[in-house]
Amino acid sequence: MSYSLKEICKKIGVEYSGEDRSVTGLNTLADATPEELSFLHSEKYLRDLERTRAAAVLVEERFAERLPEGVIPLVTEEPYLKLALATALFAHRVSPASEPPVVGEGCEIDPTVRFGRNVKIGSNTVILAGSYIGDDVVIGENCLIHPNVTIYHGCSAGNGCIFHSGAVIGSDGYGFAHTRDGRHVKIHQLGAVRIGDEVEIGANTTIDRGALGDTLIGSGTKIDNQVQIGHNCIIGENCLIVAQTGIAGSTRLGRNVVMGGQSATAGHLEIGDFATLAARCAATKSLEGHKVYAGVPAMDIRLWRRQQAALMRLAKGKRS
Amino acid sequence: MSYSLKEICKKIGVEYSGEDRSVTGLNTLADATPEELSFLHSEKYLRDLERTRAAAVLVEERFAERLPEGVIPLVTEEPYLKLALATALFAHRVSPASEPPVVGEGCEIDPTVRFGRNVKIGSNTVILAGSYIGDDVVIGENCLIHPNVTIYHGCSAGNGCIFHSGAVIGSDGYGFAHTRDGRHVKIHQLGAVRIGDEVEIGANTTIDRGALGDTLIGSGTKIDNQVQIGHNCIIGENCLIVAQTGIAGSTRLGRNVVMGGQSATAGHLEIGDFATLAARCAATKSLEGHKVYAGVPAMDIRLWRRQQAALMRLAKGKRS
Amino acid sequence: MSYSLKEICKKIGVEYSGEDRSVTGLNTLADATPEELSFLHSEKYLRDLERTRAAAVLVEERFAERLPEGVIPLVTEEPYLKLALATALFAHRVSPASEPPVVGEGCEIDPTVRFGRNVKIGSNTVILAGSYIGDDVVIGENCLIHPNVTIYHGCSAGNGCIFHSGAVIGSDGYGFAHTRDGRHVKIHQLGAVRIGDEVEIGANTTIDRGALGDTLIGSGTKIDNQVQIGHNCIIGENCLIVAQTGIAGSTRLGRNVVMGGQSATAGHLEIGDFATLAARCAATKSLEGHKVYAGVPAMDIRLWRRQQAALMRLAKGKRS
């Protein structure tokens with residue numbers, strides 16, 4: 001997909017009369033190539049703005065002069081809202097169009113499975129009834145996809161993965177820009193989900209596709225039922241994520257992180273290698289690895305135990 | 001559907017030998033028409049009892065005399081249990097019967113999609129593989145229904161809605177009457193789910209149909225993955241409901257309410273316009289609008305922060 | 001399925017050169033028959049070891065001498081990891097193979113429903129579009145299976161059960177052995193799910209199959225939406241389990257237990273008859289019956305109220 005910069009500006013309602021360019025996609029300031037459009041949404045990213053290689057950037061007037069030479073400022077009072085409108089132009093056009101996948105040797109695929117276009121399935125993979133595999137999906141060898149799994153367009157999985165029934169891979173991340181009168185404008189989610197080898201995904205678990213980049217699930221990670229993983233999360237290798245856990249968008253888990261049942265993290269955090277969060281624990285800040293955490297907000301489990309004990313003494317009317 | 005009052009009484013085991021009437025449905029005391037049967041379940045509704053226009057009311061003997069003239073008392077020691085039995089008579093008869101829907105121009109519908117009877121789909125709506133659209137469902141224009149969505153009979157959605165995979169709309173609300181020996185008798189859920197325009201519903205989210213009236217989702221509301229909305233909730237316009245949130249039955253959200261991830265409300269509450277509940281917050285009482293809440297039970301977020309700080313001092317052995 | 005002991009040892013990498021035997025399955029020390037292989041995973045089970053009737057036991061050298069006479073010790077430094085490898089040998093081979101089920105009178109089954117082999121459906125049961133019923137499943141009479149339900153191989157349900165859309169019955173329990181370098185080896189789940197009569201299972205609820213024995217759901221129990229029940233749980237009769245609750249593996253609920261919305265139990269607990277856990281309550285220890293609990297960890301609800309009150313005084317700066 002490709003648009004001229006002027007065409008984009010016209011469609012999203014930004015005035016621009018300078019030099020035209022061809023734009024092939026949207027990206028963050030840090031990752032944008034000279035063929036991509038970017039945006040400045042928060043002052044946190046001013047340093048990225050000053051170094052971006054993007055073709056053009058949606059930006060408030062006050063920050064426009066900080067752009068590197070040669071990068072075109074597209075001045076707007078609402079860069080995030082304009083970005084949202086631009087994502088619609090680059091969104092995958094979902095349709096029921098179907099074509100036979102390229103299938104390796106030894107696969108067993110139920111005749112009710114529906115495929116989009118350009119799907120590749122590795123050898124000895126088994127796919128059961130009612131599952132849906134979207135456009136451009138690539139599945140490795142020796143995978144087992146139980147009934148009624150949905151894998152949206154553009155996602156991929158490595159070898160030896162197991163998907164349990166009702167799992168949804170690649171649904172849209174939850175991203176909206178907001179108008180001044182309180183409406184929410186969809187940021188179409190242009191990334192995908194990339195899953196490593198030997199990953200198991202539990203029944204009715206949902207993993208959202210990335211907004212611009214991808215959501216990544218490391219090899220050897222085992223995810224239980226009804227887990228929710230937000231857009232652009234990066235889950236390390238060999239993590240254990242127990243049932244009903246929620247990991248908010250853009251959070252990174254290191255390797256061998258353990259998330260107990262019904263635990264959670266806020267978005268944009270880093271959870272270090274070999275960290276363990278007890279059941280129901282909720283991380284609101286980044287956490288060092290090789291430690292055990294509990295409570296809300298997450299704290300060292302020993303501190304949490306003292307807190308619980310103190311609270312219990314208090315409730316029983318004893319001096320704390 | 002219509003029954004004579006005597007027929008109903010015979011089937012649910014209530015003695016009645018007076019004048020017969022035709023009954024076309026069940027309803028609350030406040031909303032019942034002169035063709036409907038109602039019930040008094042709790043003394044909270046005595047004022048409604050005194051004003052009801054129902055044809056007849058299942059009621060304990062001690063309250064029967066408070067009924068308005070012309071409304072027939074059906075005296076029973078267990079009005080709620082008898083109501084439950086009566087709901088079975090009016091329940092929709094679910095079956096695999098299918099007929100081609102009435103479809104607007106420009107729709108794209110996967111051939112594996114199954115329709116009940118009397119379905120209407122607006123123009124330019126796309127429905128992907130494995131989805132099920134029950135009897136009498138009405139879907140508006142420009143909607144996108146991803147694979148493996150289920151919409152039960154009688155529900156409706158406006159224009160521009162997006163349903164992600166695994167979403168279930170119109171499953172039965174969780175309602176039971178209880179026998180003296182501890183068994184639970186199903187209250188068949190006779191309402192539906194009505195969804196406005198531009199609503200997005202996340203993967204594996206569930207929205208239950210109403211018990212008597214409907215569950216309502218206001219236009220512009222965006223619901224994330226794995227959210228549970230109970231029967232007879234009324235969700236205002238432009239709300240944001242983040243993943244794994246649960247909203248118990250009959251709760252009303254105003255407009256632009258934000259429910260953070262894994263948050264919750266108890267049932268029968270009112271959450272005011274522009275209220276924000278932080279992640280994991282749980283409302284046990286109604287909450288004023290235009291405020292930010294956190295904690296369990298929900299409190300002003302500043303108070304919650306003080307509580308957390310006090311608790312931390314306590315755990316660390318400092319004087320509070 | 002049956003293997004010789006030497007064949008198993010060769011495949012899982014355990015040295016054994018003694019007498020050969022035929023092994024038909026895997027089981028716990030307490031339940032193993034003389035045709036089954038067992039394992040000692042934790043010193044907690046030493047008493048079971050001393051009484052086991054198993055054909056052979058995977059065991060560390062230091063405990064091998066405690067085996068009863070005639071039971072063969074299979075000495076290994078990693079008995080749990082070897083067990084995991086052995087489960088793969090006995091796992092059901094999932095495939096898309098389908099054959100028409102044996103169906104009672106008066107059933108209505110949508111033509112898109114997919115059946116494995118050897119399925120039995122009782123009379124007057126209705127199964128809607130897109131549901132999947134695996135090999136060897138037995139469903140009773142007068143059941144209603146809504147669209148897009150998945151029931152894995154070997155599971156069963158009694159009469160009068162209702163399954164809502166997206167429910168997944170019999171997905172693999174979350175069980176792994178761990179290697180020294182931090183990888184997780186699947187313990188194939190060899191049990192099933194057995195559901196009694198008049199059970200209702202909510203939309204997108206997941207119930208995992210047992211690891212060795214079965215997961216059991218007692219008659220009359222009503223389960224709301226998005227509930228997760230782990231492997232080998234035993235749920236008593238007439239329980240009420242409200243939405244988004246999670247019950248970890250091997251926990252037993254007595255009869256008429258009530259689990260409020262978003263509540264939870266840890267694994268391997270006993271919750272007594274008629275216990276009520278309030279919404280969001282999380283049991284970390286076994287709980288006596290006939291009491292009401294709240295909080296995290298679960299405590300008597302009156303104590304929890306005092307705790308909340310003390311905490312609120314503290315936050316407001318009053319003397320506790």
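The values are calculated or read from the model by the stated rules, or taken from the named source; none is laboratory data. Keep in mind that this is a model prediction, so the values were computed, not measured. Glycine also receives a Cβ, built like all others from the backbone with ideal geometry; neighbour counts cover every protein chain displayed.
Remarks
- Going through (1) within 14 Å of another protein chain (Cβ to nearest Cβ); (2) surrounded by 14 or more Cβ atoms within 10 Å (Cβ to Cβ); (3) closer than 30 Å to B:Pro96 by Cβ one by one, C:Ala91 falls short only on (3).
- B:Tyr293 falls short on exactly one of the conditions (1) in the same structural domain as B:Leu128 (by TED's automatic domain parsing); (2) in contact with a Gly (Cβ under 9 Å, 6 or more places away or on another chain), and that condition is (2).
- Residue count for region B:301-316, restricted to those that are facing chain A (nearest Cβ under 10 Å) and in contact with a Lys or Arg (Cβ under 8 Å, 6 or more places away or on another chain): 3
- Per the listing A:Gly182, A:Gly191, the residue uniquely part of a loop (DSSP other than H, G, I, E, B), surrounded by fewer than 24 Cβ atoms within 10 Å (Cβ to Cβ) and touching a residue at least 40 places away in the same chain (Cβ under 8 Å) is A:Gly191.
- Within the option set C:Leu240, C:Leu287, C:Leu269, being without any contact (Cβ under 8 Å) to a residue 24 or more places away in the chain, under 19 Å from the mean Cα position of the chain (by Cα) and either surrounded by 22 or more Cβ atoms within 10 Å (Cβ to Cβ) or over 16 Å from B:Gly182 (Cβ atoms) (or both) holds for one residue only, C:Leu269.
- Condition check for C:Gly220: under 11 Å from the mean Cα position of the chain (by Cα) and not in a strand (DSSP E or B): no
- Of all residues in region C:134-153, those being more than 14 Å from chain A (Cβ to nearest Cβ) and either small (Gly, Ala, Ser) or over 21 Å from C:Thr206 (Cα atoms) (or both) number 3.
- Among the residues of region C:194-209, the ones that are in a loop (DSSP other than H, G, I, E, B) and within 23 Å of B:Asp172 (Cβ to Cβ) come to 8 in all.
- Residues being closer than 16 Å to B:Ser263 by Cα and facing chain A (nearest Cβ under 7 Å) - total across region B:203-229: 4
- Looking across region C:14-24, the residues that are surrounded by fewer than 19 Cβ atoms within 10 Å (Cβ to Cβ) and under 28 Å from the mean Cα position of the chain (by Cα) come down to C:Ser22, C:Thr24.
- Single residue of A:Arg252, A:Arg280 found to be within 21 Å of the chain's Cα centre (by Cα), charged (D, E, K, R) and closer than 17 Å to A:Gln228 by Cβ: A:Arg252
- Leading residue by the ranking (farthest from C:Ile201 (Cα to Cα)) among those in region C:236-261 that are more than 9 Å from chain B (Cβ to nearest Cβ) and assigned to a strand (DSSP E or B): C:Arg252
- For C:Asp135, the conditions (1) among the charged types (D, E, K, R); (2) in contact with a strand residue (DSSP E or B) (Cβ under 7 Å, 6 or more places away or on another chain); (3) under 23 Å from A:His146 (Cβ atoms) are fulfilled apart from (2).
- Search result, residues across region C:115-142 that are of a type in the set (Ser, Thr, Tyr) and either over 25 Å from A:Ile127 (Cβ atoms) or assigned to a strand (DSSP E or B) (or both): C:Ser123, C:Thr125, C:Tyr132
- So B:Gly140, is it over 20 Å from A:Asp172 (Cα atoms) and in contact (Cβ under 8 Å) with a residue 40 or more places away in the chain: yes
- When every residue of region A:274-281 is checked against the conditions, at least one turns out to be modelled with pLDDT of 95 or more and not in a loop (DSSP other than H, G, I, E, B).
- Every residue from region B:1-41 that is of a type in the set (Val, Ile, Thr) and touching a Lys or Arg at 6+ places or on another chain (Cβ under 6 Å): B:Ile12, B:Val14
- No other residue among B:Ala298, B:Ala264 is at the interface with another protein chain (Cβ under 9 Å from one of its Cβ atoms), surrounded by 19 or more Cβ atoms within 10 Å (Cβ to Cβ) and modelled with pLDDT of 95 or more apart from B:Ala264.
- Search result, residues across region C:267-276 that are hydroxyl-bearing (Ser, Thr, Tyr) and within 11 Å of chain B (Cβ to nearest Cβ): none
- Applying the criterion of at least 1 residues that are in contact (Cβ under 8 Å) with a residue 60 or more places away in the chain and more than 20 Å from A:Gly210 (Cα to Cα) to the strands (runs of 3 or more DSSP E) found wholly in region A:1-88 leaves A:72-75.
- Long-range neighbours under 6 Å by Cβ, at least six apart or interchain, first residue within 12 Å of chain B (Cβ to nearest Cβ) within region C:115-133, second among the basic types (Lys, Arg): C:Ala129/B:Arg114; C:Tyr132/C:Arg114
- Scanning region A:234-289 for residues that are in contact with a helix residue (DSSP H, G or I) (Cβ under 9 Å, 6 or more places away or on another chain) and among the hydroxyl-bearing types (Ser, Thr, Tyr) returns a single hit, A:Thr276.
- Boolean, B:Gly182 is more than 25 Å from A:Gln228 (Cα to Cα) and facing another protein chain (nearest Cβ under 10 Å): yes
- Residues located in region C:95-114, provided they are within 14 Å of chain A (Cβ to nearest Cβ) and part of a loop (DSSP other than H, G, I, E, B): C:Ser95, C:Pro96, C:Ala97, C:Ser98, C:Glu99, C:Pro101, C:Asp110, C:Pro111, C:Thr112, C:Val113
- Qualifying residue in region B:171-179 (condition: under 25 Å from A:Ile151 (Cα atoms), in the same structural domain as B:Ile217 (by TED's automatic domain parsing) and surrounded by 18 or more Cβ atoms within 10 Å (Cβ to Cβ)): yes
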